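Chemist: Sharing a structure with you now.
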Amino acid sequence: MSVISVVGGQWGDEGKGKIVDVLSSDVELVARYQGGANAGHTVYTEEGKIVLHQIPSGILRDNCVCILGNGMVVDPEGLYEEIRQVSKKNISIDNRLILSHNAHIVTPIHKAIDIHSEGKLKNPIGTTGKGIGPTYVDKFNRRGIRGIDLLNLEILRIKLYNRLESAIENFEIPLALKLELEEKIESYLKISEKISIYVSDVYEIIQSHLDNSQKILIEGAQGTLLDIDHGTYPYVTSSSPSTGGISTGLGLPLHRISRHIGIFKVYCTRVGEGPFPTELQDESGELLRKIGKEFGATTGRPRRCGWFDLPAAKFSVQVNGLTEIALTKLDVLDKFEKIKICTGYMINGKIQSGYSSSMCNLQEVEPIYTEFPGWRTSTVGFHHSENLPGKVKEYIRFLEESLGVPIKLISTGPARDQIIES
């Protein structure tokens, strides 16, 4: 049996899509367990650049069945468009895409609530406006719309109009939006009917793969530092991207997972608001953003950039029980004369070596850095670690020894074959 989980170790956008694409070449099932269209997993194949928001990255491999798990909140309109885009790349999804009948469904009402509520906040969270948060709220309020509801359009219509009325009555959205949303609901129903063919009970499918010792790859979205419980609350997502979310998001026992792979960029980025101790608001930050093309795959917003945060990474290793690490975007650092790694913090005049998700409540967090000489040579396309420049090896060795977990994969460019595996 081989079940592997892939989770983001930072604030998302670590390059999970590429790593899942690489690892899915010889697996039978790839499953998402949380989040929704707020994810943006970018993969470069022979067909060019492909950005996936809801469909697991394994869809790019003919050998994979792909599951949207019960822990996700799925947008039928976005999913339909994504299916169309994937199909244009000559990728077949027939009998390969399955939407859990227990997954909760994002509606136009949720998107309107998301945008309206974010606009009213004095200190906005910086949501994607995709309706993710409001859909999870409805789930836990036990009034959500689920995948199974797509199988009966009359019931779905009733639930949608009832939800619209309650949203207006409870001042979640203004009355002025009612007519517009009624029109969107009718269009939404047509799309939902087309998506309904993918709805099924995924539990039996997952269990069958486990019983037959078939390889399963679990694909996380966002990152551990955005986890609703373990992240920098309230500047977090509405789900659990950490490995703890896998069991509830798929109905898969954690003890069946043999490898937990954490994905980390060799620097840090963050989209939206929230604490970011190593953020660079200077030329180095601009250079990271420019070379790394750090703009959100979902929102297009420029990402905040900073040096690698070692205490935060250690926290992710511990929370997720990581057994190995994949480093991405090594080549982005090729032009830097000096490279820094944060090894601790100065907080209110005291040195702190450990990370705390409550740092957003503190007045001052000053990173303490260890500096490394840059290698100033291209690492693009390297396939063997022994061929890397000595200064690169020194940088990687420091990370590996500090984190206490082996670095098994190193991405050396955007293409799927630009990777070092050990």
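The values are calculated or read from the model by the stated rules, or taken from the named source; none is laboratory data. All values reported here derive from a predicted model rather than from experimental measurement. Positions of Cβ are backbone-derived with ideal geometry, glycine not excepted, and every protein chain shown enters the neighbour counts.
Chemist: Could you list, in sequence order, the residues of the stretch 276-293 that are free of Cβ contacts under 8 Å to residues at least 40 places away in the same chain and assigned to a helix (DSSP H, G or I)?
Modeler: Listed by number, the residues that qualify are Glu283, Gly285, Glu286, Arg289, Lys290.
Chemist: Among the residues of the stretch 10-29, is any assigned to a strand (DSSP E or B), at negative phi and either surrounded by fewer than 24 Cβ atoms within 10 Å (Cβ to Cβ) or of a type outside the set (S, T, N, Q) (or both)?
Modeler: So far as the stretch 10-29 goes, yes, one or more of its residues are assigned to a strand (DSSP E or B), at negative phi and either surrounded by fewer than 24 Cβ atoms within 10 Å (Cβ to Cβ) or of a type outside the set (S, T, N, Q) (or both).
Chemist: While we're looking at this one, here's another question. Looking only at the stretch 126-153, filter to residues that are modelled with pLDDT of 95 or more, assigned to a helix (DSSP H, G or I) and β-branched (Val, Ile, Thr); which one of those is surrounded by the fewest Cβ atoms within 10 Å (Cβ to Cβ)?
Modeler: Of everything passing the filter in the stretch 126-153, Val137 is surrounded by the fewest Cβ atoms within 10 Å (Cβ to Cβ).
Chemist: Considering only residues that are under 13 Å from Pro241 (Cβ atoms) and outside any strand (DSSP E or B), which ones fall in the stretch 30-52?
Modeler: Tyr33, Gln34, Gly36, Asn38, Ala39
Chemist: Here is a further query. Would you mind listing the strands (runs of 3 or more DSSP E) fully within the stretch 337-387 where at least 2 residues are at pLDDT below 90?
Modeler: Here the list reads 350-352.
Chemist: Let me ask something else. Is it true that some residue in the stretch 241-254 is polar (S, T, N, Q), assigned by TED's automatic domain parsing to the domain that holds Arg303 and either crowded, with 24+ Cβ neighbours inside 10 Å or at pLDDT below 95 (or both)?
Modeler: No - not one qualifying residue is present in the stretch 241-254.
Chemist: Restricted to the stretch 154-186, and to residues that are surrounded by 11 or more Cβ atoms within 10 Å (Cβ to Cβ) and small (Gly, Ala, Ser), which residue is modelled with the highest pLDDT?
Modeler: Ser166
Chemist: List every residue pair whose Cβ atoms sit under 7 Å apart, with the two residues 6 or more apart in sequence or on different chains, where the first one lies in the stretch 197-209 and is within 12 Å of Asn70 (Cα to Cα) and among the acidic types (Asp, Glu) and the second, anywhere, is at pLDDT 95 or above and not in a helix (DSSP H, G or I).
Modeler: Asp201/His101
Yes or no, residue by residue, for (1) buried (at least 22 other Cβ atoms within 10 Å of the Cβ); (2) over 30 Å from Val43 (Cβ atoms):
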position	(1), (2)
Gln318	no, no
Leu327	yes, no
Glu337	no, yes
Gly344	no, yes
Ser356	no, yes
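Chemist: Same structure again: Is it fair to say Glu401 is closer than 23 Å to Gly321 by Cβ, among the charged types (D, E, K, R) and loosely packed, with under 11 Cβ neighbours inside 10 Å? Break it down stepwise before answering.
Modeler: Details: closer than 23 Å to Gly321 by Cβ: yes; among the charged types (D, E, K, R): yes; loosely packed, with under 11 Cβ neighbours inside 10 Å: yes.
Against the criterion (closer than 23 Å to Gly321 by Cβ, among the charged types (D, E, K, R) and loosely packed, with under 11 Cβ neighbours inside 10 Å), Glu401 qualifies.
Chemist: Condition first: among the polar types (S, T, N, Q), at pLDDT 95 or above, crowded, with 16+ Cβ neighbours inside 10 Å and on the phi < 0 side of the Ramachandran plot. Can you find one or more residues in the stretch 286-300 that meet it?
Modeler: No - not one qualifying residue is present in the stretch 286-300.
Chemist: Would you confirm, using the coordinates I've provided, whether Ser208 is outside the structural domain of Ile148 (by TED's automatic domain parsing) and hydroxyl-bearing (Ser, Thr, Tyr)? I'd like the intermediate steps shown before the answer.
Modeler: On the way: outside the structural domain of Ile148 (by TED's automatic domain parsing): yes; hydroxyl-bearing (Ser, Thr, Tyr): yes.
When the stated conditions are applied, Ser208 passes them.
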